[in-house]
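Have a look at the structure below before the remarks.
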Amino acid sequence: MADYDLVIVGGGLTTARAVRAYREAGGQGSVALFSGDRFVPYHRPPLSKRYLRGEIEQEDTYVEPSSYYDEQGVAVHLETPIVRVDPDTHEIGLQSGERHGYRKLLLATGARPRRPVVPGADLEGVRTLRFLDDSTRIRGAAEGGSVQRALVVGGSFIACEVAASLRTKGVAVTLLHRGGGLFDALRSDELSAELDRIYRAEGVDVIYGDEVTEFRGGDRLMGAETRAGLSIDADLAVVGIGVLPALDLLEGSEIDTGNGVVVDERYQTSAEDVYAAGDIANFPDPIFGRRRRIEHWSNANYQGTEVGKVLAGAEGGYDIVSSFFTEVFGFSLKVFGDLEGFDAFELHGSLSDRKAVGLYLAEGRLVAALSIGQEDSTEQALKDAIKAHAPPPSLS
């Protein structure tokens, strides 16, 4: 058994940012990284966009080159999932039964995709997208000619991005969403209508208000049946119906959980010397005065950096307006703030011209904003107003 000053469990962006911030903040202790993945930490947004479309290669997705971890004296253990955490003894346990001690532990295990509970969901050709290997298999099938028709299930941002990327690669795509509009989580009828127009113009068959009841096929997928009675032919199905925080390793640990791992303002869990950040962290957002769990790149990037500072004994925490971004068919948008509790929405500008701002208001105060084609100065003014609990800035 090897003991380390800092053990990090997880293989995503949060992990890589924590390592960098820990060292840059003066952390000199021994560090070990344990990941069930077979690659060093990588960015996930390209998996449904640029990497899936073949515009970049595997190494281009890495947060840091493989050599970086050796340079920083980090013991990297890939394809080594952790199955238990024992805060009382300050140890983690591997599937092999091997155990390692820690002085401090960071949990950054991220999330795992939800899978549909319907007949045929385990057929070859029915996939989810979370890991680099997932994207590689989907990309290879699209480029190798074995996929002529793809069914993308769900209305998540991942699902919408995958549908756009596969269509860009020349695959015939059906997008099946049980909701009433694309990106309906943003609750803008105007935005959903414009995206619907774009998807249909690009040749995507979009179906709303329906869901898969069965995937059909013999040895591999041949299609799907829906609740509304549709029969959809497909060689590939990609399911994007959300994710769940990856918490299995905490079973029996008595670390407080509830919509993720409950942490304080410095990412400390209920267990001494155990921290959590990224997709799994249920944290107190000081700007909005409520607990949140955020599953976006920008949050993993920010929290990984902040918790790395904390682990090194420096100042760190959470004091930023949350944000996320997406891009489909060249249409890019950013969202700032928290949509929870808004009572009015105003859209300014032109969606078709790709220059617009959406304002989410609560009693006249700006709580969130949608930005399309805006200057940095406009976006900063929007974030400043959100942080100050103020009315929206002038958009003239």
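The values are calculated or read from the model by the stated rules, or taken from the named source; none is laboratory data. Being a predicted model, the structure only gives us computed values, none of them experimental. We place every Cβ from the backbone using ideal geometry, glycine too, and count neighbours over all the protein chains shown. Surface accessibility is based on the protein's heavy atoms, side chains included, excluding ligands, DNA and RNA. Shrake-Rupley method; radii C 1.70, N 1.55, O 1.52, S 1.80 Å.
Please state, rounded to one decimal and in Å, the Kirkwood hydrodynamic radius that the range 216-315 gives when every pair of distinct Cα atoms enters the mean of 1/r. The Cα-based Kirkwood calculation yields 16.4 Å. Put a plus charge on the Cβ of each Lys and Arg, a minus charge on the Cβ of each Asp and Glu, and nothing anywhere else: the dipole of the range 1-155 about its Cα centre is then about 740 debye. Simple point charges give the picture: +1 on the Cβ of Lys and Arg, -1 on the Cβ of Asp and Glu, and for the chain a dipole about the Cα centre of about 600 debye.
Think of a 1.4 Å ball rolled over the protein heavy atoms: the range 230-300 then has 41 Å² of accessible area per residue. Between ALA388 and ARG216, full extension at 0.36 nm per residue minus the direct alpha carbon distance yields a gain of 56.6 nm. Projected onto planes of every orientation and averaged, the convex hull of the alpha-carbon atoms in the chain covers 20.1 nm². Taking every alpha-carbon pair in the range 1-139 and binning the separations at 10 Å intervals from zero gives 11, 37, 32, 16, 4, 0 percent.
All other residues whose Cβ lies under 11 angstrom from that of ALA111 are scored, Lys and Arg at +1 and Asp and Glu at -1, for a net of +3. For the range 131-260, the Kirkwood estimate of the hydrodynamic radius, built from every pair of different alpha carbons, is 16.0 Å.
Looking only at the range 158-182, which residues have a backbone nitrogen under 11 Å from a spot 7 Å from the Cα of ILE207 in the C-beta direction? 174-178, by backbone N distance to the label point. Using a cut-off of 23 Å between Cα atoms, the listed pairs LYS334/LYS383; LYS104/LYS309; LYS49/LYS169; LYS104/LYS387; LYS104/LYS383; LYS334/LYS387 include LYS104/LYS387; LYS104/LYS383 as exceeding that distance. Here the relative contact order of the chain, from alpha carbon pairs under 8 Å that lie six or more residues apart, stands at 16 percent.
Using the Cβ-Cβ distance between ASP196 and SER332 with R0 set to 22 Å, the FRET efficiency works out to roughly 0.80.
Solvent-accessible area per residue in the range 3-118 equals 42 Å², computed with a 1.4 angstrom probe and all protein chains kept. Taking only the Cα atoms of the range 88-131, the radius of gyration and Dmax are 17.0, 46 Å. Every Cα-Cα pair of the range 128-190 was included, and the share exceeding 19 Å stands at 33 percent.
Once the 1.4 Å probe is applied to the protein heavy atoms, the range 313-396 comes out at 46 Å² accessible per residue. Label sites at SER30 and GLU272, each approximated as a point 7 angstrom past Cα along Cα to Cβ, lie 2.2 nm apart.
How large, in percent, is the carbon and sulfur part of the accessible surface of the range 22-117 at a probe radius of 1.4 Å? Here it works out to 42 percent. Calculated mean residue ellipticity at 222 nm for the chain: -6500 deg cm²/dmol, from DSSP H runs with n ≥ 4 weighted as -39500 (n - 2.57), summed, divided by the residue count and rounded to 500. Simple rule: put +1 on each Lys or Arg Cβ and -1 on each Asp or Glu Cβ in the range 88-185, find the dipole, and look at GLN95, THR128, THR168; the Cα lying farthest toward the positive end is THR168. The accessible surface of the range 221-307, taken with every protein chain in place and a 1.4 Å probe, is 46 percent carbon and sulfur.
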